[in-house]
Amino acid sequence: MTTLFQLTEAPAATTAAGPPARYRVAGLDISLTGTGIATLGGTTCIRTKGRRADSIPDRRARQKHIVDTALTEIGTVDLACVEGPSHASMGQAGHHDLSGLWWCIVGALVDRDIPVAVVPPMSRAKYATGKGNSRKAAVLEAARKRYGAILPNDNEADALILRAMGMEWLGTPLAEVPDGHRAALAGVQWPDREAVTGR
C-alpha cells in the first residue's frame, strides 16, 4: 500500500456532546484492470488481466478476486465513496463485466452495512482540478500536489480524491480546496448523513 506524506486528517469541530469525531472513509475507483483504493493507511491498486476468450468461470473468478481483495483492503469504514459509472464509455469492451463488478463491490459494502456515496466521474474531476472535464493525468497531478502523496497511477489518485470528497462532506477535509472545487460535492449521491455520523 502506498503511503501518503504529510497527510493529516483534521478532526471535526468539538461539540457539546464530546470530543471531535474522526471518520474512517474509503475511496474506490472500480476497474477490471486496476481498482484503486484509498484508506487512512494510504492507497493501493488491485491489478488483474483478462482475455476476450476467458470463460464465464474465469471471468467470475477474476471478479471475485477483485471484490475479496477490495473488501480486505477497505476493512471496516464509516463511509465508502465509489466512483459511479462512466456512461460515455458504455460501448467499450468489458463494460458488461465492469458493471457486474461494480455491483458486486457496492452490494458487498451494503451487505456489510457500510454507507455508500456514488460520485460521478465529472464530480471527481471537478473536486480535484476545478474542471469536470479534466483528464486523469490532470487529476493525478492535482492529487500529488494538494495532498503531498506518492501516487504511482491515476487509479490510486482517483481513489484518493474520492476519499477526500467523503472527508470534506463529513466536515473533516484532508486539505483546503477552493470553493469552485468544493461545489462538486453537490453532484454526489450521498447516503443519509445520520447513517454515517451515528455509527
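The table for this structure:
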| item | result |
| --- | --- |
| Odd one out for Ala117 among (1) under 30 Å from Arg22 (Cβ atoms); (2) out of contact with any Cys (no Cβ under 7 Å at 6 or more places or on another chain); (3) at pLDDT 95 or above | (2) |
| Scope the range 124-182; condition hydroxyl-bearing (Ser, Thr, Tyr) and in contact (Cβ under 8 Å) with a residue 60 or more places away in the chain; matching residues | Tyr147, Thr172 |
| Where Cys81 falls short, out of the listed (1) touching a helix residue (DSSP H, G or I) at 6+ places or on another chain (Cβ under 6 Å); (2) of a type in the set (A, V, I, L, M, F, W, C); (3) more than 22 Å from Lys136 (Cα to Cα) | (3) |
| Positions within the range 117-166 being aliphatic (A, V, I, L, M) and surrounded by fewer than 20 Cβ atoms within 10 Å (Cβ to Cβ), in sequence order | Val118, Met122, Ala137, Ala138, Ile150 |
| Residue in the range 5-21 that is closer than 20 Å to Asn155 by Cβ, at pLDDT below 95 and surrounded by fewer than 17 Cβ atoms within 10 Å (Cβ to Cβ) present | yes |
| Exclusive hit being part of a helix (DSSP H, G or I) and either of a type in the set (S, T, N, Q) or farther than 24 Å from Ala195 by Cα (or both), set Ala159, Ala138, Ala164, Ala108 | Ala138 |
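The values are calculated or read from the model by the stated rules, or taken from the named source; none is laboratory data. Please read these numbers as outputs of a predicted model, since none were measured by experiment. Glycine also receives a Cβ, built like all others from the backbone with ideal geometry; neighbour counts cover every protein chain displayed.
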